[in-house]
Amino acid sequence: MQRNRAMLLGGGLAVLLLAVLAAAAMLGAERLPIFDLNEQQRSILFDIRLPRILLGACVGASLAAAGAGLQSLLRNPLAEPYLLGVSNGAALGTMLAFVFFGAFEWSRPVLAFAGAGVATLAVYRLAKSREGMNVERLVLSGVIITTFLSSVIVMMTTLLDAAKLRSFTFWLLGDLSQATLNGVYIAFAAAAIGTVILTSQARALNLMMVGERDAFDFGVEVGRVRMLVFGAASLVVGASVAASGSVGYVGLIVPHLVRLAVGSDNRLVVPFSAVAGAIFVVAADTIARTAIAPRELPVGAITALIGAPLFIYLLRRK
Amino acid sequence: MLEVRDITIKYGECEVLLDITFNLPDGKTIVLLGANGAGKTTLIRALNGTLPPARGSINIDGRDLNALSRREIAKSITVVAQENETRFPITVMEFVLSGRFVHGSAFGWETEDDLENAKKALADCNLSGFETRLMNHLSGGERQRVVLARAIATNARILLLDEPTANLDLSHQAMMFRLVRERCRTQSCSAIVITHDLNLASEFADEIIMLKNGRIAAKGTPEEVLTAENVRNVFAVDVLLDENPASRKVRVTAVF
């Protein structure tokens, strides 16, 4: 990958992100003009739409960067926070916080982070056997953890009353409509810190994606890199899920497309995935808001609709 | 200079290497021979710090291997392991440059120096023009040469090669050994090479170490080590010995 071309692509992605953010701000159940907004339109834009769009951008960046990092670390292009059960771990953590520590808003992202971390380690332990870790074993371990956590989550929902249950079901599928400015701050901080940590490990990941033993031979402290990548991925996934539930497949689709454009060098793949992930989720959420307006779809339904066929394609292509 | 003193390596309670002692002086090539399971790969993994010895010591230029960080070890010792495959589309150049990990900052881009070393290593391995090819589109032998190029591009002074010629055609087997010997002689590098080809060992080794059941069975120059008796002891095969008419080295012919 030539550096000039990479710069050009990076610039192009940044411009595209701004364009998509602007378009998303104008489109919706109520179409907004670019200039001369009245009082009511102003309120729609700043109180409802902008927090939601910005949260979508942070969530997309988080999930895509985490996906790119986990894929290289686990040497598996199918690794993805949602499919590995990391998102469900975070979702269970969020639910526990909601049910038992409802009064403290901060407990949600914290327990989501813890849940994501525990789920990540559990999948890793389960997938790793004495012969190493093959693609299918990792995917199966993810399925096991995901379904187990799903059933725990379903049991937890019996503790909720009917009104809360509906918003919870939406949230579980991945929903940005509950966005608050506070949520945006937390998600942005997590996305920024997580992406920087993941990018800082990019050179080590370039070796790790060929083999752990290779990486060790060439001077990578494998255990340290693994903990940093797991930690950063859990941080960003925890923050995203706490704010918007489990938006699936973003971490699969986006890094795959970015690799088609720039190759496999993680110094480009990780940061470009973050920007492209933001574009992707904001665009998907705009579709979710407008497709059957004034009713709404959960954004996770849209991303899964695109992601599942791609997963099948990647699985079949050996 | 790599000094190995009385090392013993255990997997759990099982001793897979016992009381191994030898020196690898600068400029020399040692070939490691032995039947499957004799402990050759284990020895290589011990020498680069992957498997810490239960007893004994390994010193690089007088410094204990245990006291060195991963980065420091990788700067002096590089390994060409048995092949690896990746599911990601990596170009040959990216692969070779990834070996320069210890020379850069974690964030940084490659310097001119990195690029120059990578290009030179590719040229040395007969791979000029392969820079933008994808690793998973190469043949097994080509991939093996790229793996060697990555090791050479590190500029580490000690090369450990685990069956580097397994997938190579005849001309590239010779190329590989010639390249390793050249580096040792002209740049005061040193190398340990595992191979199963007794004749290649005879041609290119300054010293041969034969391993049997985790112990050193024989050690010395090719003439000293490649005797009918030693080969029968280690490989349980009868051989005829004569002289290669071209190189005047010992030639080994198995009798089946």
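The values are calculated or read from the model by the stated rules, or taken from the named source; none is laboratory data. Keep in mind it's a predicted model, so treat the numbers as computed, not measured. Ideal geometry is used to build each Cβ from the backbone, glycine not excepted, and the neighbour counts take in all protein chains shown. Areas reflect the complete protein model, heavy atoms only, side chains present, ligands, DNA and RNA absent. Shrake-Rupley method; radii C 1.70, N 1.55, O 1.52, S 1.80 Å.
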- For region A:196-235, how many residues meet the condition of being touching a strand residue (DSSP E or B) at 6+ places or on another chain (Cβ under 6 Å) and more than 7 Å from chain B (Cβ to nearest Cβ)? 0
- Task: Return only the number of the condition from (1) within 11 Å of chain A (Cβ to nearest Cβ); (2) at pLDDT 90 or above; (3) open to solvent by less than 40 Å² (accessible area, probe 1.4 Å); (4) closer than 26 Å to A:Pro271 by Cβ that B:Ser76 does not satisfy.
- Result: (4)
- Task: For A:Leu176, indicate whether it is open to solvent by 50 Å² or more (accessible area, probe 1.4 Å) and more than 14 Å from chain B (Cβ to nearest Cβ).
- Result: no
- Task: Would you list the helices (runs of 4 or more DSSP H) that sit entirely within region B:141-236 and hold 3 or more residues that are open to solvent by 30 Å² or more (accessible area, probe 1.4 Å) and out of contact with any strand residue (DSSP E or B) (no Cβ under 8 Å at 6 or more places or on another chain)?
- Result: B:170-186
- Right, A:Val118: β-branched (Val, Ile, Thr), open to solvent by 30 Å² or more (accessible area, probe 1.4 Å) and over 18 Å from A:Leu198 (Cα atoms) or not? yes
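In region B:96-107, how many are at the interface with another protein chain (Cβ under 8 Å from one of its Cβ atoms), surrounded by fewer than 23 Cβ atoms within 10 Å (Cβ to Cβ) and out of contact with any Gly (no Cβ under 6 Å at 6 or more places or on another chain)? Can you show your working first?
Taking region B:96-107 first, the residues at the interface with another protein chain (Cβ under 8 Å from one of its Cβ atoms) are B:98-99, B:101-102, B:104, B:106-107.
When the remaining residues are screened for being surrounded by fewer than 23 Cβ atoms within 10 Å (Cβ to Cβ), the result is B:101-102, B:104, B:106-107.
Still in the list and also out of contact with any Gly (no Cβ under 6 Å at 6 or more places or on another chain): B:104, B:106-107.
Adding up the residues that qualify gives 3.
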- Task: Considering only region A:55-79, state which residues are at negative phi and within 14 Å of chain B (Cβ to nearest Cβ).
- Result: A:Gly67, A:Ala68, A:Gly69, A:Leu70, A:Gln71, A:Ser72, A:Leu73, A:Leu74, A:Asn76, A:Pro77, A:Leu78, A:Ala79
- Message: Based on this model, can you work out whether B:Leu240 counts as part of a strand (DSSP E or B) and open to solvent by 30 Å² or more (accessible area, probe 1.4 Å)?
- Response: yes
- Item | Unique residue being of a type in the set (Val, Ile, Thr) and within 14 Å of chain A (Cβ to nearest Cβ) when the list is B:Ile30, B:Ile90, B:Ile58 | B:Ile90
- All but one of (1) open to solvent by 20 Å² or more (accessible area, probe 1.4 Å); (2) modelled with pLDDT of 90 or more; (3) under 30 Å from B:Leu18 (Cα atoms) hold for B:Lys120, so report the exception by its number. (3)
- Task: Mind listing whichever residues of region B:79-94 are open to solvent by less than 10 Å² (accessible area, probe 1.4 Å) and at pLDDT 90 or above?
- Result: B:Val79, B:Val80, B:Ile90, B:Val92
- Restricting attention to region A:30-44, does a residue exist that is assigned to a helix (DSSP H, G or I), β-branched (Val, Ile, Thr) and touching a helix residue (DSSP H, G or I) at 6+ places or on another chain (Cβ under 8 Å)? no
- Query: For A:Gly142, are the conditions met, namely being more than 12 Å from chain B (Cβ to nearest Cβ), touching a Gly at 6+ places or on another chain (Cβ under 9 Å) and either hydroxyl-bearing (Ser, Thr, Tyr) or crowded, with 16+ Cβ neighbours inside 10 Å (or both)?
  - Reply: yes
- Within region B:186-200, which residues are out of contact with any Asp or Glu (no Cβ under 6 Å at 6 or more places or on another chain) and at pLDDT 90 or above? B:Cys189, B:Ala191, B:Ile192, B:Val193, B:Thr195, B:His196, B:Asp197, B:Leu198, B:Asn199, B:Leu200
